[in-house]
Amino acid sequence: LNDNPSQYKISLSGTMKSPKINVDPPFLILMPVPLDVKTEKSINIIPQDYLRQSRFQVEIPELELEDGDRIYPFSVQFPEGQDIVLLPDGKNKELICHISFRSSRPLSFLGSIFFIDEEKN
């Protein structure tokens, strides 16, 4: 720089992408079944813009019945694991998730299951 740093100016710019997920299908409708029979459906979780490995946690709704009992009729399983993995091509690996429902009491429910990464997104 010949002892004259004022002649040179460097500008840097960039774009930061926030990690997000898409779920396919975005809504899940499970078939009505007899009491104490399991119904199950698989969904694809599609992570995007995760630059480092992370892991999903799942918040499953607790349901309160008319008599005050509380039950967890839903269960969630990840047959290939819950880790968000960055592939060599820069994309994140899709995750398969099995969501099942079983109840020994008559029940109808409309609500949300939350998938949360390690940074609480």
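Whenever a residue of the range 34-52 is among the polar types (S, T, N, Q), its partners that are exposed (fewer than 12 other Cβ atoms within 10 Å of the Cβ) and assigned to a loop (DSSP other than H, G, I, E, B), lying with C-beta atoms within less than 6 angstrom and at least six residues away or across chains, give the pairs Thr39/Met31.
When you check Ser104 against the structure, is it within 18 Å of Leu35 (Cα to Cα) and over 18 Å from the mean Cα position of the chain (by Cα), yes or no? Yes, satisfied. For Tyr72, the test of being aromatic (Phe, Trp, Tyr) and farther than 25 Å from Gly111 by Cβ is failed. Residues of the range 77-118 being of a type in the set (Asp, Glu) and more than 23 Å from Glu62 (Cα to Cα), which ones? Listed by number, the residues that qualify are Glu80, Asp83, Asp89, Glu94. The set of residues in the range 44-56 that are at pLDDT 90 or above and open to solvent by 80 Å² or more (accessible area, probe 1.4 Å) contains only Arg55. You will find that of Val85, Val76, the residue that is under 14 Å from the mean Cα position of the chain (by Cα), closer than 13 Å to Arg102 by Cα and either surrounded by 13 or more Cβ atoms within 10 Å (Cβ to Cβ) or at pLDDT 90 or above (or both) is Val76 and no other. With the structure loaded, tell me whether Asp24 is within 16 Å of Ile113 (Cα to Cα), among the acidic types (Asp, Glu) and within 14 Å of the chain's Cα centre (by Cα) or whether it fails that test. Taking the combined requirement at face value, the residue satisfies it. Within the range 70-92, residues that are farther than 13 Å from Ser54 by Cα reach partners that are among the aromatic types (Phe, Trp, Tyr) with beta carbons closer than 9 Å, at six or more positions or on different chains, in the pairs Pro73/Phe101; Pro73/Phe109; Phe74/Phe101; Phe74/Phe109; Ser75/Phe101; Val76/Phe115; Phe78/Phe56. Within the range 100-113, is there a residue that is surrounded by 13 or more Cβ atoms within 10 Å (Cβ to Cβ), basic (Lys, Arg) and modelled with pLDDT of 90 or more? Within the range 100-113 (the criterion being surrounded by 13 or more Cβ atoms within 10 Å (Cβ to Cβ), basic (Lys, Arg) and modelled with pLDDT of 90 or more), the answer is yes, since at least one residue qualifies.
The values are calculated or read from the model by the stated rules, or taken from the named source; none is laboratory data. The structure displayed is predicted, hence computed values, not measured ones. FYI the Cβ positions are ideal-geometry reconstructions off the backbone, even for glycines, and counts take in every protein chain you see. These accessible areas exclude ligands, DNA and RNA; they are computed on the full protein's heavy atoms, side chains included. Shrake-Rupley method; radii C 1.70, N 1.55, O 1.52, S 1.80 Å.
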